[in-house]
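Q: Let me begin by handing over the structure; questions about it come next.
Derivation of every value follows stated rules applied to the coordinates shown; laboratory data play no part. Nothing here was measured: the structure is a model prediction, and the numbers come from that model. FYI the Cβ positions are ideal-geometry reconstructions off the backbone, even for glycines, and counts take in every protein chain you see.
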Amino acid sequence: MNSPGLQIRQSSAQMLGGGTGQRKMPVVSKYIDTSTCIGCKACEVACQEWNDLGNVRTVQVGSYQTVPTLNADLWNLIKFNEQTLPDGGFAWLMRKDQCMHCADPGCLKACPAPGAIVQYENGIVDVNPDACIGCKMCETGCPFDVPRYAARTDKMAKCTLCVDRVDVGLEPACVKACPTGCLHFGTKDDMKALADSRVEQLRANGFAQAAVYDPPGVGGTSVITVLSHGDHPEWYGLPKDPHVPTGVRFWKSVLRPVGVIAFAAAFFAMVGHYLTYGPKKPKSSDEKRGEGPV
Amino acid sequence: MSEVALPGQTKRTGVGDAAVVRARQTEDVVIGDEIVRHRLSSRVMHWSVAITFFLCLFTGLPIWVPIFHWMATFFGGLSTCRVLHPWFGVAFAVASLWMFIHWFREMALTGRDREFLTPGGMIRYFRYQGEDPEVGKYNGGQKLLFWAAAAGAVGLLLSGIVIWFPERFPQGVRELSYVVHDLAFILFFAMIIGHIYLGTAAEPGTFRAIVRGTVTREWARLHHPKWYRQVTGDAKNR
């Protein structure tokens, strides 16, 4: 966690008063245009350099992809898919896989450690390693399979949207490094306008299904992606309608309060029983004391 | 199943210390005015389950809800709780297995137990109404607790393993495990609150049965009349 507490909008495992953000700021967003990505991996390198992550050995997976999935030392991965199209043709689909910085973050919902996952006023979802207990519950909470457990530190790790750079007015390292301009960074409103205009261009150029991926199921994301085949996000490895997993929501929003109430109820039922009926004693001792339960 | 004849003693007087210690190794025997209800191995087993349960409880509650976050301090913080909790869970599972093997024969539910366990039966029990002269060593409620504890331990263990190693299981199983772990724990703990209350404040003379092992004749006649008759051979109340 690199940003001061004045900017925190919500924080994991808080009882009340999660929203403490004093400093109001516009929601920011990263813009990714998959149609102009050439798969050069400059963003992967820039991310690892800026965040000073460990070395990752590349794996030959038989495609233009460096490793199979994200890991604790690789927070940004260009995924590649050679997709056969319904008309018999094929498409080479590149997609930047990273934390989506959801407005309704499932990781934060699932996290049991107070303050270990925070969402800043500007929409960035960040991890505070100081408070993280390495329980991996955020992995289950995330609909995009992003958070990774780092055995080296016993903490979880993921993209911070370079909050330390954003705080001082710089764009994220990956955006800085991108040579084709398929990455941009700015306020969410600006990035949405940019994405909409790009989608119009794509539609005019033979991609009638082009669309912006900003899934409403998680309240929208602070990483928005332009997809040439917007009707098939799964071709890019993106879930069609992501949302905080039902099990996690039920567990955190229903079971926990019900459980606490059940304990209190059980405790007070016992107190009430004792006050009403008192202890159950053998008759002889009742006689001796001349009193006792009726 | 009746009074033990210990060498060199007269009935109800002058029971030698060593002899009492020996007698306490045997359940369901009368020593003087007292009846041995739980022999040493039963008591050690019970407290193994109880202590491992409370270790799990106190390391689990702070992870469960932030209200209990302060408890983590006693174990050196939330991270330590996260590391310790599953190991305490393993110990609890082992103790629970011991309890199951130790008690499952005695805990078979009879027709009368099922009557006891109807809502009406439970209400009568808590109102101290309608004493049943046919209650044996364990009443329906105790047997229910035993089977619920056994089922709860299985649920907690299986879901706990998934929560411990989530990367080895698919998403749906992980989500289900959080729900199962919480549900099993909530039911388990609510029953334990009742168990502790009945074993201490509500029924005086009960707690010593699981600590020193013995109960008084009056206690046995009141709470477990059939067991009392079997142990003492007392035909008067038959």
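Q: Going by a ≥ b ≥ c, the root eigenvalues of the Cα gyration tensor, does chain B fall in the rounded group (a/c under 1.5), the prolate group (a/b larger than b/c) or the oblate group? Numbers along the way, then the final one.
A: On the way: a/c = 2.52, a/b = 1.82, b/c = 1.39.
It is prolate, given that a/c is not under 1.5 and a/b is the larger ratio.
Q: Identify all lysines with a Cα-Cα distance to residue B:137 below 20 Å; exclude those on the same chain that are fewer than 8 residues away in sequence.
A: A:280, A:281, A:283, B:226, B:236
Q: Where Lys and Arg each count +1 and Asp and Glu each count -1, what net charge lies around residue A:230 among other residues with Cβ under 15 Å from its Cβ?
A: -2
Q: Mind listing the long-range amide H neighbours of residue A:159? Cut-off is under 5 Å, sequence gap 5 or more, other chains count too, H placed in the peptide plane at 1.01 Å from N.
A: A:99
Q: Is any helix in chain B, taking whole DSSP H runs, at least 20 angstrom long along its axis by alpha carbon and on average at least -1.0 on the Kyte-Doolittle scale, and which ones? Write down the numbers at each step before the final one.
A: Details: long enough: B:40-64 (35 Å, 1.28); B:78-103 (36 Å, 1.11); B:140-164 (35 Å, 1.45); B:171-197 (39 Å, 1.12).
Those that clear 20 Å and a mean of -1.0 are B:40-64, B:78-103, B:140-164, B:171-197.
Q: Would you mind giving the mean number of other chain beta-carbons within 10 Å of the Cβ of each residue in B:221-234, as a whole number? Please report the intermediate quantities before stating the final value.
A: Working: counts 3, 6, 2, 0, 0, 0, 0, 0, 0, 0, 0, 0, 0, 0.
Mean inter-chain Cβ contacts per residue within 10 Å come to 1.
Q: Give me A:163, B:21 sorted ascending by neighbouring Cβ count inside 10 Å, so fewest comes first.
A: Working: A:163 21, B:21 10.
The order, fewest Cβ neighbours first, is B:21, A:163.
Q: Listed highest first by mean packing, meaning other Cβ atoms within 10 Å per residue, what order do A:138-149, B:36-47 come in?
A: Details: A:138-149: 23.4, B:36-47: 17.6.
Packing proxy ranking, top to bottom: A:138-149, B:36-47.
Q: Now, a different point. Using Cα atoms only, what is the angle between the long axis of helix A:188-204 and the major principal axis of chain A, expressed in degrees (0 to 90) to the nearest 10?
A: Taking Cα atoms only, the helix is inclined about 50 degrees.
Q: Quick one: what do you get for the protein assembly as shown if you divide its Cα Rg by 2.2 N^0.38 Å?
A: Values: Rg = 31.8 Å, N = 532, 2.2 N^0.38 = 23.9 Å.
Against the empirical 2.2 N^0.38 Å value, I get 1.33 for the protein assembly as shown.
Q: Can you check what the net charge comes to around residue B:102, using other residues whose Cβ is under 15 Å from the Cβ of residue B:102 (Lys, Arg +1; Asp, Glu -1)? Intermediate results must be reported in sequence, preceding the final value.
A: Details: positive: B:37, B:39, B:43, B:105, B:137, B:143; negative: B:27, B:28, B:106.
Result for the neighbourhood of residue B:102: +3.
Q: Treating cross-link reach as a plain straight distance, find the aspartates and glutamates whose alpha-carbon is under 13 Å from the alpha-carbon of residue A:79, omitting any fewer than eight places away in the same chain.
A: Leaving aside aspartates and glutamates fewer than 8 places away in the same chain, those within reach of residue A:79 are A:44, A:97, A:234.
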